[in-house]
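This report refers to the structure that appears directly beneath it.
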Amino acid sequence: MELKKNPRVDLEKKRPLFIQIGLLVALSIVLFAFELKQFDRELMVLTSSMAATDLEETIVQTERQQEPPPPPPQTITTMLDIVDDDVDILDEIEINIEVNRETLLAEYVPPVAREQEEEEEIIYQFLEQMASFPGGELEMRQWLSQNLRYPPQAREAGIEGIVYVEFVVERDGSITNVRIRHSMLGGGTEEAAMDAVRRMPNWNPGRQRNRPVRCMFVLPIEFRL
């Protein structure tokens, strides 16, 4: 079955009319274009004077705000009191000192003497030259055998042994600070040993740096029947 166009909507019959309308429109556009006028462009020449004035108008000069100057330094004035040289200052000073026995100055002691006094109070145990009995150890044993008293209680009880006596030999050789260092005998042997040491003659004092000094000595005393 063939489709047939409606004769009312068929545009093929109006084709020549459309072509004429199109040609007419194109022709009118061309004619209108020819009728337009061209205006001449004026050339502007920039002279030096014009450039300078324009630049001056366009450039805005900005000045930096100046900071206020600092205040001037304060001047300090000092007033000097001039004193006459003839014035005696000592007249204005009152000295009130009551001199008595308490205000007297102590006797000056040099440092060397103080060191010697402190050194004299020291009791040495080890010296360059130890203290010794006059005549040596043999003389000391012989002196003890003649002067040591054997206590009767110890003799009756048959007590024998050694008593260790400690004492200090002073700078002049005398014996002080006698005491028992160690003993377990009893029977009066400790008292007899200390009594014998106290009755000893002066010893040869110990020496340190070729000077007599105090030294400690421990002497064993033997009790034997």
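Placing pseudo-labels 7 Å out from each Cα toward the beta carbon at Gln20 and Ser183 gives an inter-label distance of 17.5 nm. For Glu12, the accessible surface of its heavy atoms amounts to roughly 120 Å² (probe 1.4 Å, protein chains only, rounded to the nearest 10).
Listed values for the stretch 169-178 are Karplus-derived 3J(HN,Hα) couplings in whole Hz (6.51 cos²θ - 1.76 cosθ + 1.60, θ = phi - 60°), namely 9, 6, 5, 8, x, 6, 10, 9, 6, 7, and x replaces Gly and Pro.
If R0 is taken as 22 Å, the Cβ-Cβ distance between Asp172 and Arg224 corresponds to a FRET efficiency of 0.10. Fully extending the segment from Glu67 to Ile162 would add 23.5 nm, taking 0.36 nm per residue of separation and subtracting the current Cα-Cα distance. Placing dummy labels 7 Å off each Cα toward the beta-carbon, the span from Glu12 to Leu31 is 3.5 nm.
The values are calculated or read from the model by the stated rules, or taken from the named source; none is laboratory data. These figures come from a predicted structure and were not determined experimentally. Don't worry about glycine lacking a Cβ; one is built from the backbone with ideal geometry, like all the others, and counts go over all protein chains shown. Each accessible area value is taken on the protein alone, full model and side chains, heavy atoms only, with ligands, DNA and RNA left out. Shrake-Rupley method; radii C 1.70, N 1.55, O 1.52, S 1.80 Å.
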